[in-house]
Amino acid sequence: VPGLRDDLQLRSLLDRLHAQSLAQEGDIRAHFDERGSASVVGTRTELEQGRAFWRDKLVALDADKAQFCYALCRALHARRIVEAGTSFGISTLYLAAAVRDNGGGVVIGAEQEPSKVAVARGHFCEARLEAYIDLREGDILEALRGLKGPVDFLLLDIWTPLARPVLELVAPHLRTGAIVATDNTARRRQEYGALLAYLDDPANGFITQTLPFDGGFEISVKLTESWVANDYSDGDGP
Ligand SMILES: C[S@@+](CC[C@H](N)C(=O)[O-])C[C@H]1O[C@@H](n2cnc3c(N)ncnc32)[C@H](O)[C@@H]1O
């Protein structure tokens, strides 16, 4: 069974990109110190103003979280994955490897910065994973319009104000048992208030838990109504 572990070319690319991302952390910290803000991203207005600063920043998902996403996608036998926030494509590479190793499918990603899209596409070709990636350039809420399901896995690794609107857009296409993973939900708890309220509302059919990765990593499972009610009355249960 092929796997991430065996793809030495991909692993060496990922090591290089994670190192590049880590090397930028000092600049990012200094940026926040200057602004006197503890927020990774700030409000939508601050974001627009800060766009130039973020243009060359990888802000990649941590390697342990990305490996965990790979494992979850293998367990789900994921064939259609949506990723919010592609940047230079590091998490995308893990997700595309999972789809490839599951026998085929697609990772649909979106990135608003054209220069990041160009570099990400280069990484996808270098890893020979481009056939499994549909990267859409532009604002994510536009880029995902017309999305079709079933979606097996959604990664929310985008500026926090966009997390809930993206989830609401994708939710109708999530299959039963699909997983939504959201980065930094412990560190950014307040900023994620709207998203967490949506995930906690029983009407929306998720169970959700913040896992103790650095900054917190939210894992939310989309259930059917009968699973929510723990109803095994059809005779298939224990
Ligand atoms: C945290 S980074 C994603 C990192 C990526 N998942 C990885 O592991 O390499 C978030 C990205 O979302 C992009 N972004 C922010 N707002 C966006 C929007 N409205 N539409 C599309 N992309 C957006 C940013 O340009 C940034 O590159």
Report summary line: As a percent rounded to 5, the proportion of antiparallel DSSP bridges among beta bridges in the chain is 35
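Which trypsin sites (Lys or Arg not before Pro) in region 128-202 sit in a loop by DSSP (not H, G, I, E or B) and have at most 10 other Cβ atoms within 10 Å of their own Cβ?
Arg145, Lys148
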Requested in this report: Can you tell me the equivalent ellipsoid semi-axes for the chain? Use √(5λ) from the Cα gyration tensor, largest first, whole Å.
Outcome: 28, 23, 16
Query raised in the report: Amide H to amide H, which residues 5 or more places from Ile133 or on other chains are under 5 Å from it, using H placed in the peptide plane?
Result: Val107
Report summary line: Taking a straight Cα-to-Cα line shorter than 20 Å from Lys65, and setting aside same-chain lysines fewer than 8 residues away, one finds Lys57, Lys222
Query raised in the report: Residues with beta-carbon under 11 Å from that of Phe217, excluding Phe217: net charge, scoring Lys, Arg +1 and Asp, Glu -1?
Result: -4
Report task. For Ala110, enumerate residues with amide H under 5 Å from its amide H, sequence gap 5+ or separate chain, H modeled in the peptide plane. Result -> Glu83, Gly85, Thr86, Arg136
Query raised in the report: Phe206: net charge of surrounding residues, Cβ under 9 Å, Lys/Arg +1, Asp/Glu -1, itself excluded?
Result: -1
Query raised in the report: Applying the Karplus parametrisation 6.51 cos²θ - 1.76 cosθ + 1.60 with θ = phi - 60° to the phi angles of region 50-59, what ³J(HN,Hα) value in whole Hz is obtained for each residue in order, glycine and proline being reported as x?
Result: x, 4, 5, 4, 7, 4, 9, 9, 6, 6
Query raised in the report: Hey, any idea what % of the chain's accessible area is carbon plus sulfur with a 1.4 Å probe?
Result: 52
Query - Potential lengthening between Ala131 and Phe32 on full extension [0.36 nm per residue; Cα-Cα distance subtracted] - result: 31.9 nm
**Report entry** Theoretical gain in end-to-end length, Arg187 to Leu22 [0.36 nm per residue, Cα-Cα removed]
**Finding:** 57.6 nm
Query raised in the report: Which net charge results when you count Lys and Arg as +1 and Asp and Glu as -1 among the other residues whose beta-carbon is under 12 Å from that of Gly3?
Result: +1
Requested in this report: Enumerate the amide H contacts of Ala178 below 5 Å, restricted to partners 5 or more residues apart or on another chain; note that Pro and chain-start residues carry no placed amide H.
Outcome: Lys222
Report task. Be a star and scan region 104-125 for residues whose amide nitrogen sits under 15 Å from the point 7 Å along the Cα-to-Cβ vector of Arg51. Result -> 111-117
Query raised in the report: According to a simple spin-label model (label point 7 Å from Cα along Cα-to-Cβ), what is the distance in nm between Lys148 and Asp15?
Result: 4.1
Requested in this report: Might you tell me the accessible area per residue for the chain, computed with a 1.4 Å probe and given in Å²?
Outcome: 48
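The values are calculated or read from the model by the stated rules, or taken from the named source; none is laboratory data. Only a predicted model underlies this, so the values are computations on that prediction, with no experimental measurement involved. No Cβ is skipped: glycine too gets one built from the backbone with ideal geometry, and neighbour counts run over all protein chains shown. Calculation scope for accessible area: heavy atoms of the full protein, side chains included, ligands and nucleic acids excluded. Shrake-Rupley method; radii C 1.70, N 1.55, O 1.52, S 1.80 Å.
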